[in-house]
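Q: Right, I'll just put the structure down here and ask away after.
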Amino acid sequence: MSEHYRSGFVAIVGRPNVGKSTLLNALMGEKISIISPKPQTTRHRILGIRSEADHQLIFVDTPGMHKGKDLLNITIDKIAVSTLRDVDIVLFVTDRSRGKAEEHVIEYFKRLDVPVFLVINKIDMLKNRQAIDEIILSYMGLYDFEAILPVSAQDQTHLDHLLEAVRPHLPEGPMLYPETMKSDQSDTRRMAELIREKILHHTEQEVPHAVAVVIESLEENQALKTLDVTALIIVERPTQKQILIGKNGEKMKRIGTEARKDINALLDTKIHLSLWVKVKKDWRNRPSDLRSFGYGGDA
């Protein structure tokens, strides 16, 4: 280990749907956080740990910062905001559009004493350099950013520039996590999230936001040499349950097949996945339900 080793926490923050989780996965070189086109895909604080010879970057992927309406979304927003109190560097991720949501996020930076980088993501979707310059100009005067970094997490464009810009701002200190550790998430959390990711991809309207996934049991099947996984999918209304299951159970079958493949790859073992759907009315507004389904503990 280098004599002047550096390590620190780097928060990835911004409004929903600007590509924070895609950026984390691209910086890590592997899938740490689930992604989908739906807002509020990320509900927990997720660490991605990148260890190099002379430094360790601990990226903190946060839920999209927004003004939540139900208790779940208020809790999620608190997780994102509380993360800012405990980091060394902030990456403020935005994209082509700027509005009140961005100004809502910037307000929190005014209470911080750490460098904040403006990361303009999705430049692959912009026509030319002039379009990027126009976005940069729209942020002038809103905050004294350490630097402005146009990137594309999807195409992995300029991510090397981002890493080079951030590295000198890491405080000197020891390696905080084992070199081989890539994330702080448990296997059960990652399994539940992979199942939820498939639900997000295959459902529309209110269903994605009303879903929670809990791993109920894990059991080794010695005879078949498999890991038997039972997961409970919670929704708020019977109509949502019907949508999830689909005609003749086809949608649930597709969700289960895709999730099983990803979990097989994650655990590097053969699994048998059983999915059950349960209706729990208004669970997003009940503190006891939020706790039992794994929300609120990160705040």
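The values are calculated or read from the model by the stated rules, or taken from the named source; none is laboratory data. Quick caveat: nothing in here was measured; it's all calculated off a predicted structure. Heads up, the Cβs are rebuilt from the backbone with ideal geometry, glycines too, and the neighbour counts pull from every protein chain shown.
Q: In segment 180-187, is there at least one residue being part of a helix (DSSP H, G or I) and either touching a helix residue (DSSP H, G or I) at 6+ places or on another chain (Cβ under 6 Å) or surrounded by 16 or more Cβ atoms within 10 Å (Cβ to Cβ) (or both)?
A: The answer is no; no qualifying residue exists.
Q: Return yes when Leu91 is modelled with pLDDT of 90 or more and loosely packed, with under 12 Cβ neighbours inside 10 Å and no when it is not.
A: no
Q: So, in segment 28-38, of the ones that are among the aliphatic types (A, V, I, L, M) and out of contact with any strand residue (DSSP E or B) (no Cβ under 6 Å at 6 or more places or on another chain), which residue ends up surrounded by the fewest Cβ atoms within 10 Å (Cβ to Cβ)?
A: Step by step, filter segment 28-38, then rank; the result is Ile35.
Q: For Arg111, only one of the following conditions fails: (1) surrounded by 17 or more Cβ atoms within 10 Å (Cβ to Cβ); (2) part of a loop (DSSP other than H, G, I, E, B); (3) modelled with pLDDT under 90. What is its number?
A: Just one mismatch for Arg111, condition (1).
Q: So the check is Cβ under 8 Å with 6+ separation or different chains; which pairs have a first residue in segment 178-198 that's farther than 15 Å from Ser21 by Cα and a second one that's modelled with pLDDT of 95 or more and surrounded by fewer than 15 Cβ atoms within 10 Å (Cβ to Cβ)?
A: Final answer for the pair search is Lys198/Arg254.
Q: Would you confirm whether any residue within segment 240-252 is closer than 30 Å to Ser183 by Cα and not aliphatic (A, V, I, L, M)?
A: No - not one qualifying residue is present in segment 240-252.
Q: Is segment 157-165 home to any residue that is closer than 30 Å to Val277 by Cβ, among the polar types (S, T, N, Q) and free of Cβ contacts under 8 Å to residues at least 40 places away in the same chain?
A: Within segment 157-165, not a single residue is closer than 30 Å to Val277 by Cβ, among the polar types (S, T, N, Q) and free of Cβ contacts under 8 Å to residues at least 40 places away in the same chain.
Q: Pull up segment 209-250, narrow it to residues that are out of contact with any Lys or Arg (no Cβ under 7 Å at 6 or more places or on another chain), assigned to a strand (DSSP E or B) and modelled with pLDDT under 90, then point me to the one that is farthest from Asp187 (Cα to Cα).
A: Asn221
Q: Another one. Residue by residue through segment 114-129, note down the ones that are modelled with pLDDT of 90 or more, not in a loop (DSSP other than H, G, I, E, B) and not hydrophobic (A, V, I, L, M, F, W, C).
A: Selection gives Asp124 alone.
Q: Quick test for you: out of Lys198, Lys253, pick the one residue that is outside the structural domain of Ser36 (by TED's automatic domain parsing), among the basic types (Lys, Arg), under 30 Å from Ser82 (Cβ atoms) and not in a loop (DSSP other than H, G, I, E, B).
A: Every option except Lys198 fails the conditions.
Q: Moving on to the next point. Determine whether segment 191-203 contains at least one residue that is surrounded by fewer than 20 Cβ atoms within 10 Å (Cβ to Cβ) and among the basic types (Lys, Arg).
A: No, segment 191-203 contains no residue that is surrounded by fewer than 20 Cβ atoms within 10 Å (Cβ to Cβ) and among the basic types (Lys, Arg).
Q: Hey, another quick one. Return the total of residues in segment 105-152 being among the hydrophobic types (A, V, I, L, M, F, W, C), farther than 20 Å from Val13 by Cβ and under 26 Å from the mean Cα position of the chain (by Cα).
A: So the answer is 3.
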